[in-house]
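First comes the structure, then the notes that go with it.
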Amino acid sequence: MNWTIYQTITIQQLKVNSVTNSSVLQVGSAGSIRSLSQLYNSGGFTGPAPQLGAESPISLVPLPNPT
């Protein structure tokens, strides 16, 4: 039996306490979750990004050790 469900969901605020590599966040009807992975090159890049040097423009934020 197949069901087709149409929903309109408005979220004013959403707080997520933890995110891992295999996290799934589902808002809406419960059911089967089909995995989907898509890779886009929206910038039209043709090669890898250059390596960062000693003078990095990125400031790194130290993270606490996992518990």
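Taking L52, is it modelled with pLDDT of 75 or more and of a type in the set (A, V, I, L, M)? It is false that L52 is modelled with pLDDT of 75 or more and of a type in the set (A, V, I, L, M).
Out of all the residues in region 20-42, is one or more open to solvent by less than 100 Å² (accessible area, probe 1.4 Å), at pLDDT 80 or above and either aliphatic (A, V, I, L, M) or part of a loop (DSSP other than H, G, I, E, B) (or both)? Yes, that holds for at least one residue.
The values are calculated or read from the model by the stated rules, or taken from the named source; none is laboratory data. Because the structure is predicted, anything quoted here is derived from the model rather than measured. Calculation scope for accessible area: heavy atoms of the full protein, side chains included, ligands and nucleic acids excluded. Shrake-Rupley method; radii C 1.70, N 1.55, O 1.52, S 1.80 Å.
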